[in-house]
Amino acid sequence: MKFSTISNIGKRREENEDAYGNISIGDIDFFIVADGMGGHSKGEVASKLASLTYIDFIKNADLSTYESIEDLQEEAISKANDKIYELADDSEGRSMGTTVVCLAIDNKNKKYIISHVGDSRAYLFRDGDFIFKTRDHSLVNDLVDSGSLTEDEAKNFINKSAITRAVGTEDELEVDTEVIDMVKGDVLLLFTDGLSNEVADEEIRNVVNDFDDAYEISSKLVELALNEGGHDNITLTTVLI
């Protein structure tokens, strides 16, 4: 397994409110990418706190007490939610939160455990195409799911950036998790919306097909996002199996 993470402030923002981290415990590799939100640097605080809490919780956890890696990862995210929520409660207003997308690679059992909250995404690429994509927790997706919008109408929806779920904004948190079998040669991408808002899925597919090095894939995709305007911070972790 090889991986590379790049985080770029972009061309329009004054600070980078994205954060990331990784840790290996025995046969399991853990990754997190987070995109903070909230004014006056609160987004930066939230994303960093989520990343640090996730890594620290896993580092100090007794894995033998968990029935599954899924339970461990979701509890680590919930612990981050508690800390951010408590911190926001001590500040003026409750305007602090972050998206997260997390990946645990269980090398012994050949499984991926992918958990996410918000609109930071995970893509799994295999045999020339993407076989899995997380679905954003967003207003536009909720409207599509309810039948209020068609998929074509959703492409031009005026408020596509509005998310319906985030870490730290409520005292209770729902985390979506998928467990997927590992196959040699897979490519996994974890990234913030600074990439997905600028670079189409077809372009992402082309880059993954054109390069076989984790750093080259990360750097090329970040370059494309910057060339398209770099309107937001861009953070991307590429993992090659």
Exercise for the section: Report, by residue number, each residue of the range 121-177 that is within 24 Å of Thr98 (Cβ to Cβ), charged (D, E, K, R) and at pLDDT below 85. Expected result: Asp142, Asp145, Lys160
Practice task
Go through (1) small (Gly, Ala, Ser); (2) part of a loop (DSSP other than H, G, I, E, B); (3) touching a residue at least 60 places away in the same chain (Cβ under 8 Å) one by one and return the number of the condition Gly185 breaks.
Solution key: (3)
Fill in the blank from the handout: Within the range 59-117, residues over 18 Å from the mean Cα position of the chain (by Cα) and polar (S, T, N, Q) come out as Asn60, Ser64, Thr65, Ser68, Ser91, Ser95, Asn107, Asn109
Handout entry: Leu149 without any contact (Cβ under 8 Å) to a residue 12 or more places away in the chain and either in a loop (DSSP other than H, G, I, E, B) or in contact with a His (Cβ under 6 Å, 6 or more places away or on another chain) (or both)
Key = yes
Handout entry: Condition broken by Phe57, with the remaining ones in (1) modelled with pLDDT of 95 or more; (2) surrounded by fewer than 21 Cβ atoms within 10 Å (Cβ to Cβ); (3) in contact with a strand residue (DSSP E or B) (Cβ under 8 Å, 6 or more places away or on another chain) satisfied
Key = (3)
Problem - Pairs with Cβ under 9 Å, 6+ apart, first in the range 10-25 and free of Cβ contacts under 8 Å to residues at least 40 places away in the same chain and more than 15 Å from Leu52 (Cβ to Cβ), second among the basic types (Lys, Arg) and open to solvent by 20 Å² or more (accessible area, probe 1.4 Å) - result: Ile25/Lys59
Exercise for the section: Determine if the range 210-228 includes at least one residue that is modelled with pLDDT of 95 or more, crowded, with 20+ Cβ neighbours inside 10 Å, in a loop (DSSP other than H, G, I, E, B) and among the β-branched types (Val, Ile, Thr). Expected result: no
Handout entry: Criterion violated by Gly194 - all others in (1) under 15 Å from Arg135 (Cα atoms); (2) in a helix (DSSP H, G or I) satisfied
Key = (1)
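The values are calculated or read from the model by the stated rules, or taken from the named source; none is laboratory data. All of these numbers come straight from a predicted model, not from anything done at the bench. Cβ sites come from the backbone with ideal geometry, for glycine too, and all protein chains shown count toward neighbours. Quick note on the areas: whole protein, heavy atoms, side chains included, nothing else; ligands and nucleic acids left out. Shrake-Rupley method; radii C 1.70, N 1.55, O 1.52, S 1.80 Å.
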